[in-house]
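Participant: Encoded as structure tokens, here's the structure I'll be asking about.
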Amino acid sequence: MIANLKFAFRQIAKSPGFAIVTVLTLAIGIGANTAIFSIVNAVLLEPLPYPHSDRLVQVCEMPAPGNYNTLASGGAFADWQDASTQLESIAAAHGSQRNLTGYGEPVRLQGLEVSADYLHVFGITPALGRDFTKREDSASGDHDVVIVSHELWQSRLGGDAAIVGKLIRLDGRSLLVIGVLPPHALFANDAGFLTPSVIRPSEHHMSRDYNYVVSVVGRLKPGVTAAQAAEELTLAKRAVRSLYPAFKQKWTVGLVSLHEEIFGDMRPYILTLFGAVSVVLLIACANVANLLLARATVRQPEIAVRVALGATSRRIVSQLLTESLVLALAGGIAGLVVGELAIRPLVTFAGISSTVGGSIGINARILAFNLIASVATGVIFGLVPALSATKVDVSARLKEGARGSTAGSHRRMQALLLISETALTVLLLLCAGLLLRSFVKAMNADPGFKADNVLVFNISVPDSKAPSTAEKIRFCQILMDRLKQVPGVMEVGMGSSVPMNGGNGLGDLISREDRPETRNDSAAAFDSVAGDYFQGLRIPLLSGRFLTQQDDSEKAPKVLLVNDTLARKFFGNENPIGQQLHFKGDVWQIVGVVGSVRQFALEYAPLPEVYFAQTYFPWVVCVMVHTKIPVPTLSNDVRLAARDVDPDLPLANMRTLETAVDATLQTRRIMLALIGIFAVTALMLACIGIYGVISYSVAQRTREMGIRMALGADAGSVIALVLRQGIRLVLIGVGLGVAASLGAGILIANQLYGVSRTDPAVMAGVALILIVAAVLASWLPARRASRVDPSVALRSE
């Protein structure tokens with residue numbers, strides 16, 4: 001072994017250029033794989049950062065088998081809490097938004113209302129202070145307590161070491177700080193604070209429909225499976241089925257791993273990227289194997305001498321594989337450097353959570369992966385050249401100038417490798433082409449509204465400022481009136497959400513009042529609106545009228561607008577104006593039909609949706625300001641105007657609507673960019689491979705080219721001959737790649753919008769790109785062949 005290593009290093013030292021090209025080629029492939037695998041490891045393989053995290057589960061209501069509804073009703077949680085014996089602990093969390101004042105500029109915080117055992121489920125102990133008590137989460141307890149996150153403590157509360165026991169003001173209420181969480185304790189969300197949810201004393205919170213929704217987490221007892229716990233809770237739910245609304249009485253209970261719930265949606269994207277970089281590595285291996293085959297031809301006399309002196313085939317293969325492994329390990333070390341340099345930019349570009357990103361890096365598992373990848377790469381690219389080298393014709397090679405069949409077999413093997421890497425390149429180029437075409441389709445989808453010159457932001461109207469619904473409506477109207485006075489503002493509106501708001505949405509069951517048999521069959525999204533909501537977003541009124549300020553009163557008749565998607569679904573060709581709908585347990589009259597809007601992303605078709613006055617849902621407010629001047633020049637004036645109405649009112653998540661729309665394409669943009677980078681890398685490697693194979697072929701056929709030229713062949717016919725060779729090999733690879741892509745396309749099918757995975761335009765484009773690449777890569781060797789001097793070529797033979 002030592003002798004093999006010494007000889008390998010001597011051989012590599014004799015050809016430093018060859019070694020450098022080989023190591024750099026492998027560094028690209030192994031480095032990309034190392035970087036992507038570090039993300040795979042952190043997101044899919046590493047456990048959650050909690051004790052015995054494999055026992056953490058999300059408890060869900062299940063309308064149908066496999067259909068996990070991750071948001072449950074507060075009443076359902078209370079039922080589970082009473083019935084569970086298979087769960088060590090169970091807890092609920094409800095999203096909360098509150099305004100923090102008294103610490104510099106007012107700021108709107110995202111937090112959670114949680115049951116008393118929430119931190120206990122995760123095994124989290126506050127870094128400062130204590131956890132909630134059962135009494136603080138009960139009707140008779142003191143609810144004015146809060147636990148703050150480490151991040152909020154540092155960024156807004158000054159890192160005050162004596163913060164425990166002090167009061168902070170959230171929504172105008174003074175809450176006692178009883179604890180500070182450890183850093184990144186609740187890494188799966190951005191909660192800045194926790195307050196008691198106090199579910200049981202509240203009729204609203206105990207509702208078993210969707211008036212109050214919670215995310216329920218639990219910790220399984222040791223040895224208990226998720227299926228056993230789910231069966232127990234389903235049986236308990238059936239015992240109190242009559243307490244549930246009719247549409248939920250047949251629902252069951254399901255448990256899903258918390259790790260799967262948090263990261264499951266990322267799995268197909270990450271595995272697609274890992275597959276793509278693996279293809280790049282295989283192409284790099286094919287290129288290096290071609291280099292070694294060419295080098296093996298040069299070394300045939302040396303190998304013939306060694307065989308003549310008694311070296312066995314096993315000894316020859318062992319020596320050549322050792323050289324390959326040395327090169328592969330050198331490429332692996334270089335790849336480790338490339339991977340380390342690429343990880344941080346990759347995490348930042350992909351927008352992976354900073355807390356998850358904190359665990360992404362080189363560790364023991366990544367080092368093991370790099371070593372395995374390097375050794376496997378060395379074997380893959382080294383085995384074929386090593387085996388082919390043992391087939392040398394000793395007597396022929398010992399005769400100076402004699403030609404054997406080995407060069408021909410090497411050319412055939414090189415051609416096979418070139419066809420393989422072309423097919424792999426086709427796979428990546430097709431994926432990139434499909435994602436690009438899909439991205440363009442999504443960008444050009446009609447959202448149903450106009451996003452230009454629209455500023456949006458969120459506000460929270462605290463009960464301390466406006467305790468009643470009427471006072472909240474009055475506050476919102478005063479704010480809208482003041483914003484309209486800002487120079488350049490055209491319309492101001494409010495809604496419980498605006499389109500492209502990051503995936504948040506509300507919905508409920510709806511039916512035609514005159515068809516009670518359909519009462520629980522259909523769902524519709526809903527938004528409460530006020531002011532010039534539709535006019536500012538330029539959502540068209542198709543029939544009837546908009547809502548007015550007179551509709552924004554609890555004493556006014558219950559009326560609503562529907563979008564044309566819902567109108568078509570419920571009424572077909574009938575006129576929906578004046579028709580009645582059963583919604584939220586009451587009867588509503590349709591007074592208008594508006595155009596349908598894509599609420600969550602450009603690639604998602606519009607949902608059936610209804611709009612009603614703000615008085616029926618005033619707790620969540622998003623403000624929309626349509627301007628006639630560029631939004632950036634207006635944002636500060638809008639802030640000052642809002643401060644005139646309430647100096648303690650923070651404007652949260654302020655952005656242009658165009659930015660919000662663009663953000664919905666971020667995942668597509670990331671996948672397109674990364675797959676595109678890998679595809680371009682593969683294409684470059686394929687071009688190098690084509691060039692290398694054709695150059696080697698031309699060098700081996702120098703005598704043939706000389707004879708052709710001597711017999712009267714002109715330069716053009718020689719060039720055409722060489723080009724045909726390169727194009728023929730590429731066309732075979734393209735055919736195989738297209739055939740393989742029919743199956744591989746399934747992996748990205750869920751990432752495509754408006755495009756078939758067998759899109760003929762993309763396939764034709766990829767074929768054209770590779771043919772052009774083959775022509776360009778073959779041109780220089782072809783030109784060299786056309787300039788062969790027949791007399792020199794014949795004398796050299």
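Participant: Where in the stretch 562-627 are there strands (runs of 3 or more DSSP E), lying fully within it, with 1 or more residues that are farther than 20 Å from N458 by Cα and among the polar types (S, T, N, Q)? Full working, then the answer.
Facilitator: Values: elements: 580-583, 586-594, 609-613, 621-627.
Strands (runs of 3 or more DSSP E) meeting the threshold: 580-583, 586-594.
Participant: Something else about it: When you look at L607, is it farther than 27 Å from K484 by Cα and open to solvent by 10 Å² or more (accessible area, probe 1.4 Å), yes or no? Outline the logic, then answer.
Facilitator: Working: farther than 27 Å from K484 by Cα: yes; open to solvent by 10 Å² or more (accessible area, probe 1.4 Å): yes.
Yes, satisfied.
Participant: Would you check if S207 is within 22 Å of D463 (Cα to Cα), open to solvent by 40 Å² or more (accessible area, probe 1.4 Å), in contact (Cβ under 8 Å) with a residue 12 or more places away in the chain and small (G, A, S)? Reasoning before the result, please.
Facilitator: Values: within 22 Å of D463 (Cα to Cα): yes; open to solvent by 40 Å² or more (accessible area, probe 1.4 Å): no; in contact (Cβ under 8 Å) with a residue 12 or more places away in the chain: yes; small (G, A, S): yes.
For S207, the condition - within 22 Å of D463 (Cα to Cα), open to solvent by 40 Å² or more (accessible area, probe 1.4 Å), in contact (Cβ under 8 Å) with a residue 12 or more places away in the chain and small (G, A, S) - is not met.
Participant: Any residue in the stretch 241-248 that is modelled with pLDDT of 85 or more, open to solvent by 50 Å² or more (accessible area, probe 1.4 Å), among the aliphatic types (A, V, I, L, M) and closer than 30 Å to Q228 by Cα?
Facilitator: Checked against the condition, which is being modelled with pLDDT of 85 or more, open to solvent by 50 Å² or more (accessible area, probe 1.4 Å), among the aliphatic types (A, V, I, L, M) and closer than 30 Å to Q228 by Cα, the stretch 241-248 yields at least one hit.
Participant: A follow-up question, please. Going by the structure shown, is F9 touching a residue at least 60 places away in the same chain (Cβ under 8 Å), within 25 Å of the chain's Cα centre (by Cα), at negative phi and open to solvent by 10 Å² or more (accessible area, probe 1.4 Å)? Don't jump to the end; show me each part of the working.
Facilitator: Working: touching a residue at least 60 places away in the same chain (Cβ under 8 Å): yes; within 25 Å of the chain's Cα centre (by Cα): no; at negative phi: yes; open to solvent by 10 Å² or more (accessible area, probe 1.4 Å): yes.
The answer is no for F9.
Participant: Consider A466 carefully, then state whether it is more than 27 Å from the chain's Cα centre (by Cα) and either open to solvent by less than 10 Å² (accessible area, probe 1.4 Å) or at negative phi (or both). Outline the logic, then answer.
Facilitator: Values: more than 27 Å from the chain's Cα centre (by Cα): yes; either open to solvent by less than 10 Å² (accessible area, probe 1.4 Å) or at negative phi (or both): yes.
When the stated conditions are applied, A466 passes them.
Participant: Looking at this structure, is V216 buried (at least 20 other Cβ atoms within 10 Å of the Cβ) and in contact with a strand residue (DSSP E or B) (Cβ under 9 Å, 6 or more places away or on another chain)? Reasoning before the result, please.
Facilitator: Numbers: buried (at least 20 other Cβ atoms within 10 Å of the Cβ): yes; in contact with a strand residue (DSSP E or B) (Cβ under 9 Å, 6 or more places away or on another chain): yes.
The answer is yes for V216.
Participant: Can I ask one more? Starting from residues that are modelled with pLDDT under 70 and touching a helix residue (DSSP H, G or I) at 6+ places or on another chain (Cβ under 8 Å), keep the ones in the stretch 353-383 and report whichever is farthest from M266 (Cα to Cα). Walk me through it before giving the result.
Facilitator: Step one: filter the stretch 353-383 for residues modelled with pLDDT under 70, giving 353-359.
Checking which are touching a helix residue (DSSP H, G or I) at 6+ places or on another chain (Cβ under 8 Å) leaves us with 356-357, 359.
Working: V356: 13, G357: 14, S359: 16 Å.
Only one residue fits best here, namely S359.
Participant: Only one of these conditions is not met by V198: (1) out of contact with any strand residue (DSSP E or B) (no Cβ under 6 Å at 6 or more places or on another chain); (2) open to solvent by 40 Å² or more (accessible area, probe 1.4 Å). Which number is it?
Facilitator: (2)
Participant: May I pose another question? For the stretch 125-183, enumerate the residues that are charged (D, E, K, R), without any contact (Cβ under 8 Å) to a residue 60 or more places away in the chain and closer than 22 Å to V107 by Cβ.
Facilitator: In the first step, residues of the stretch 125-183 are kept if they are charged (D, E, K, R); the result is 130-131, 134-137, 142, 144, 151, 156, 160, 166, 169, 171, 173.
After this cut, where a residue has to be without any contact (Cβ under 8 Å) to a residue 60 or more places away in the chain as well, the list is 130-131, 134-135, 142, 144, 151, 156, 160, 166.
Once the filter is applied, which keeps residues that are charged (D, E, K, R), without any contact (Cβ under 8 Å) to a residue 60 or more places away in the chain and closer than 22 Å to V107 by Cβ, the stretch 125-183 yields D144, E151, R156, D160, K166.
Participant: Could you tell me whether I12 is assigned to a helix (DSSP H, G or I), of a type in the set (V, I, T) and under 19 Å from L291 (Cβ atoms)?
Facilitator: Working: assigned to a helix (DSSP H, G or I): yes; of a type in the set (V, I, T): yes; under 19 Å from L291 (Cβ atoms): yes.
Answer is yes for this residue.
Participant: Can you find a residue that is closer than 20 Å to V625 by Cα, touching a Pro at 6+ places or on another chain (Cβ under 7 Å) and either of a type in the set (S, T, N, Q) or assigned to a loop (DSSP other than H, G, I, E, B) (or both) anywhere in the stretch 480-491?
Facilitator: Pass one, the stretch 480-491, residues closer than 20 Å to V625 by Cα: 480-491.
In the following step, the residues that additionally are touching a Pro at 6+ places or on another chain (Cβ under 7 Å) were identified as none.
No; the residues of the stretch 480-491 include none that is closer than 20 Å to V625 by Cα, touching a Pro at 6+ places or on another chain (Cβ under 7 Å) and either of a type in the set (S, T, N, Q) or assigned to a loop (DSSP other than H, G, I, E, B) (or both).
Participant: To continue, here is another question. Look at the stretch 730-751 and say how many of its residues are open to solvent by less than 30 Å² (accessible area, probe 1.4 Å) and modelled with pLDDT under 85. It would help to see each step written out before you state the result.
Facilitator: Step one: list which residues in the stretch 730-751 are open to solvent by less than 30 Å² (accessible area, probe 1.4 Å), which gives 730, 733-734, 737, 741, 745, 748, 751.
Among the residues that remain, those that are also modelled with pLDDT under 85 are: 741, 745, 748, 751.
Going through the stretch 730-751 one residue at a time, the tally reaches 4.
Conditions (1) assigned to a helix (DSSP H, G or I); (2) more than 18 Å from P196 (Cα to Cα); (3) open to solvent by less than 10 Å² (accessible area, probe 1.4 Å), marked per residue:
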residue: N41; (1), (2), (3): yes, yes, yes
residue: V59; (1), (2), (3): no, yes, yes
residue: P63; (1), (2), (3): no, yes, no
residue: F77; (1), (2), (3): yes, no, yes
residue: E88; (1), (2), (3): no, yes, no
residue: A91; (1), (2), (3): no, no, yes
residue: G104; (1), (2), (3): no, yes, no
residue: G111; (1), (2), (3): no, no, yes
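The values are calculated or read from the model by the stated rules, or taken from the named source; none is laboratory data. Not measured: the values here are computed from a predicted model. Cβ coordinates were reconstructed from backbone atoms using ideal geometry, including for glycine residues, and neighbour counts include every protein chain displayed. Surface areas here come from the heavy atoms of the whole protein model, side chains and all, with no ligands, DNA or RNA. Shrake-Rupley method; radii C 1.70, N 1.55, O 1.52, S 1.80 Å.
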